[in-house]
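I have placed the structure first, in the form of C-alpha cells, so that the comments after it can refer back to it.
The values are calculated or read from the model by the stated rules, or taken from the named source; none is laboratory data. Quick caveat, the model's predicted, so the values are computed rather than measured. Virtual Cβ from ideal backbone geometry, glycine too; neighbours counted across all protein chains shown.
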Amino acid sequence: MDLTNHPILTVLLCFGAYLAGSVLFAIPVCRAWHLPDPRALGSGNPGATNVYRAGGWKPALTTLVLDAFKGWLPVWLAHLAGMSILVQAMVALCAVTGHMIPVFFRFKGGKGVATALGAGLALAPLTTLIMACVWAVIMWRWRISALASLVAIGCGPIISAILEPNTLPLFGLLTLLIVVRHRNNLIRLAQGRETGL
C-alpha cells in the first residue's frame, strides 16, 4: 500500500501531532522539581523561560528539550512514512497549534517556540539551526526571551526562502502564529516594559 497519499494516515498523523503538542511539559517538569506552576509566573506562559525563572537552567532545559521533541517526533514519523513536504508541514503546524491551544489544559497554552523548533529541525534543519543561532545572539545581547523569539521567527521565512524554499509556506504560517501569540509581549516591548531573565 502506498502510504504517501493515504488520507487516513494524514489525518491520524495530524491528530496525533495535535495531541502531542497539547502536552505542556513545563507543568509536570515544575511539579517534578517542586517548583511553582509556571503559569503563575512572569508572562504566565507554560514554557522554558518561565521554568527558568522558577528553578534555573536544569528544569528549563528539560522543558525545552521535551517541548521540542513533541514537535520533532510527529514530523519525523510523517517523513518516515514517506509523506509529502506538504503533509509534514501540516503535521508540524498541528503540533505547534496543540501547544498553543492544548486540549488537555482547557485550550490555554504557550507560545509554541520550542515546539516549532523541534518541528523545524525535523523538516528544515538548516533553516531552523540558523534561526536558533539568531535567537541565541539576540538572547545573549538583550536577555529578553520574547525579543529573541520574535526576531528569530521573523527571520524564518527569509532564511527558508533562500535555503529551503519548499518549506517557505510553513515558516510563513509559523511566523504568523507565533507573532500573534506574542502580541502582549510586542506591546510591552514597544512600551519598554518587557522583562528579561
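Residues Ala92, Ala81, Ala32: which one is small (Gly, Ala, Ser) and either in contact with a Lys or Arg (Cβ under 9 Å, 6 or more places away or on another chain) or closer than 24 Å to Arg183 by Cβ (or both)?
Of the residues listed, the single one that is small (Gly, Ala, Ser) and either in contact with a Lys or Arg (Cβ under 9 Å, 6 or more places away or on another chain) or closer than 24 Å to Arg183 by Cβ (or both) is Ala92.
With Arg193, Arg188 as the choices, which residue is modelled with pLDDT under 95 and assigned to a helix (DSSP H, G or I)?
The match here is Arg188.
Looking at segment 177-197, I want the residues that are touching a residue at least 40 places away in the same chain (Cβ under 8 Å) and surrounded by fewer than 13 Cβ atoms within 10 Å (Cβ to Cβ) and have a partner that is of a type in the set (A, V, I, L, M) and part of a helix (DSSP H, G or I) with Cβ atoms under 6 Å, at least 6 apart or on another chain. Which pairs are those?
Note: no pairs meet the criteria.
Any idea which residue in segment 52-91 is nearest to Ser145 (Cα to Cα), counting only those that are in a helix (DSSP H, G or I) and small (Gly, Ala, Ser)?
Only one residue tops the list, namely Ala60.
Of everything in segment 109-124, what is part of a helix (DSSP H, G or I) and over 8 Å from the mean Cα position of the chain (by Cα)? Give them in sequence order.
Gly120, Leu121, Ala122, Leu123
Among the residues of segment 88-108, what is the count of those that are more than 18 Å from the chain's Cα centre (by Cα) and of a type in the set (A, V, I, L, M, F, W, C)?
Residues meeting the conditions: 0.
Among the residues of segment 43-58, are any under 27 Å from Phe15 (Cα atoms), of a type in the set (Lys, Arg) and at pLDDT 95 or above?
No, there is no match, as no residue in segment 43-58 is under 27 Å from Phe15 (Cα atoms), of a type in the set (Lys, Arg) and at pLDDT 95 or above.
May I ask you to verify whether Gly16 is touching a Gly at 6+ places or on another chain (Cβ under 6 Å) and either closer than 24 Å to Ala119 by Cα or among the acidic types (Asp, Glu) (or both)?
Taking the combined requirement at face value, the residue does not satisfy it.
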